[in-house]
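To start, the structure itself, in structure tokens.
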């Protein structure tokens, strides 16, 4: 067929899908950081173990769960954009290929799909940038200055790495093993714990 897409165009379609999904993951990570930072005391009263605990808990949540927990924290307009991003991410993950597969057999339709996916990638990137800008004062107040972030990036680029955060399973195991007093954490609720002597 004269209008059939070639391999390069199909590869471009898959690449655009990957970019859109990657940008949604960046947004997810950014929101997890905001969730973990929310409610922390000032820099001088924050311990590494407390931050790691909150980060591990946040990273164990889905994008939708993180967005729900931040509903009352973020400005209403930004929260609305994030709800749209969650719906778009869910569409990409669960429905895009099934609902668009019949459009992969002509050049014009594949180009339309590439355009659609580029729009999704741009939207995720834009919302992520807004979240980063909104959370910058909190980040700075916790001692995560631009200099600290640059130093961390440089150490990462030369191959130095910190110990990875606990994954979802490790968080569950810690909840079972450690003796805790449930807290009334305004962000995570009673599922967060506070170890003896912790902040």
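The values are calculated or read from the model by the stated rules, or taken from the named source; none is laboratory data. Note that the structure is a prediction, hence the values are computed from the model and not measured. As a convention, Cβ positions derive from the backbone with ideal geometry for all residues, glycine included, and neighbour counts pool all protein chains shown.
Miscellaneous remarks
- Residues located in the range 117-138, provided they are surrounded by 17 or more Cβ atoms within 10 Å (Cβ to Cβ) and more than 16 Å from the chain's Cα centre (by Cα): 117
- Which listed residue is part of a helix (DSSP H, G or I) and either touching a strand residue (DSSP E or B) at 6+ places or on another chain (Cβ under 9 Å) or farther than 30 Å from residue 10 by Cβ (or both), from 89, 111, 139: 139
- Qualifying residue in the range 154-163 (condition: under 16 Å from residue 31 (Cβ atoms) and either more than 18 Å from the chain's Cα centre (by Cα) or modelled with pLDDT of 75 or more (or both)): no
- Residue count for the range 76-88, restricted to those that are in contact with a helix residue (DSSP H, G or I) (Cβ under 7 Å, 6 or more places away or on another chain) and under 14 Å from residue 31 (Cα atoms): 6.
- Residue 139 being at pLDDT 95 or above and in contact with a helix residue (DSSP H, G or I) (Cβ under 9 Å, 6 or more places away or on another chain): no
- The listed residues are 98, 105, and the only one of them that is farther than 17 Å from residue 124 by Cα and in contact (Cβ under 8 Å) with a residue 60 or more places away in the chain turns out to be 105.
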